1. Here's a check for you: in the stretch 132-152, which residue that is part of a loop (DSSP other than H, G, I, E, B) and over 21 Å from the mean Cα position of the chain (by Cα) is nearest to Gln102 (Cα to Cα)?
2. How many residues are surrounded by 14 or more Cβ atoms within 10 Å (Cβ to Cβ) and under 17 Å from the mean Cα position of the chain (by Cα) if we restrict to the stretch 31-41?
3. Identify, please: which residue in the stretch 50-104 is in a helix (DSSP H, G or I) and β-branched (Val, Ile, Thr) and is, among those, nearest to Ala126 (Cα to Cα)?
4. Please verify whether the stretch 86-94 includes one or more residues that are modelled with pLDDT under 95, surrounded by fewer than 21 Cβ atoms within 10 Å (Cβ to Cβ) and under 15 Å from Asn59 (Cα atoms).
5. In this structure, does Tyr98 turn out to be in contact (Cβ under 8 Å) with a residue 12 or more places away in the chain and over 18 Å from Asn58 (Cα atoms)?
6. Within the stretch 59-85, track down each residue that is of a type in the set (Asp, Glu) and either in contact (Cβ under 8 Å) with a residue 40 or more places away in the chain or surrounded by fewer than 20 Cβ atoms within 10 Å (Cβ to Cβ) (or both).
Amino acid sequence: MRRAAALLALLAAGCAGQSAQNWLEEGNRFFDTGDPQGAVRAYSSAIDVDPGFSQAWNNRGLAKAQLGDLVGAHADYAEAIRLGPSAAEAHYNRGVVYLQTQDAYRAIADFSDALRLQPEYPRALAGRGLARAKVGDKTGAADDFKKALELSSPDWPERTRVEAELARLSGK
């Protein structure tokens, strides 16, 4: 009976004509062209084909966040982390949701997990710096901002914002 169910699932996936990876790539195209709703549909199809595909869960979370569905984004990031605990990006993304929902301590924890997995991750350092500043840890925030600036390239899109946050902490 299990074999029959598995065979039916494979046939259904085959009939859809696309692998989970193909659906992920289609979702990425939708996302990159400014269609987060299309991206959510494509990432959902990738998840239907392969429920264990952590990157599809993470990317669907990004699209949901762009649509303003922070609860849905958080749930997708949590599932991506459960499926792929070494996914630094999913920890970072969930940290961003925590920052947006004013839960700075959980944001710090997720950004720290991202940094444990990928120590030279400027965006995670900047995020943790913002969260630390929110809880009054100015020294920790300044240290994170400085390290983010050291690790990032001169054309890093977030450089100006991080420099401004660092100057604000320094009273300049």
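1. Here is the first cut: in the stretch 132-152, the ones part of a loop (DSSP other than H, G, I, E, B) are 135-137, 152.
Narrowing further to those that are over 21 Å from the mean Cα position of the chain (by Cα): 135-137.
Values: Val135: 10, Gly136: 14, Asp137: 15 Å.
Across the stretch 132-152, the extreme among qualifying residues is Val135.
2. Matching residues across the stretch 31-41 total 4.
3. The initial filter retains those residues of the stretch 50-104 that are in a helix (DSSP H, G or I), namely 54-66, 70-83, 88-100, 104.
If we keep only those that are β-branched (Val, Ile, Thr) too, we end up with 71, 81, 96-97.
Working: Val71: 23, Ile81: 21, Val96: 11, Val97: 14 Å.
Applying the filter and picking the extreme gives Val96.
4. Taking the stretch 86-94 first, the residues modelled with pLDDT under 95 are 86-87.
Restricting the remaining residues to those that are surrounded by fewer than 21 Cβ atoms within 10 Å (Cβ to Cβ) gives 86.
Next, from what is left, pick out any that are under 15 Å from Asn59 (Cα atoms): none.
No, the stretch 86-94 has no match at all.
5. Details: in contact (Cβ under 8 Å) with a residue 12 or more places away in the chain: yes; over 18 Å from Asn58 (Cα atoms): no.
In short, no.
6. Within the stretch 59-85, the first condition is being of a type in the set (Asp, Glu), and the residues that meet it are 69, 76, 79.
Once the filter is applied, which keeps residues that are of a type in the set (Asp, Glu) and either in contact (Cβ under 8 Å) with a residue 40 or more places away in the chain or surrounded by fewer than 20 Cβ atoms within 10 Å (Cβ to Cβ) (or both), the stretch 59-85 yields only Asp69.
The values are calculated or read from the model by the stated rules, or taken from the named source; none is laboratory data. Keep in mind that this is a model prediction, so the values were computed, not measured. Quick reminder, even Gly has a Cβ in these numbers, built from the backbone with ideal geometry, and neighbours come from all protein chains shown.
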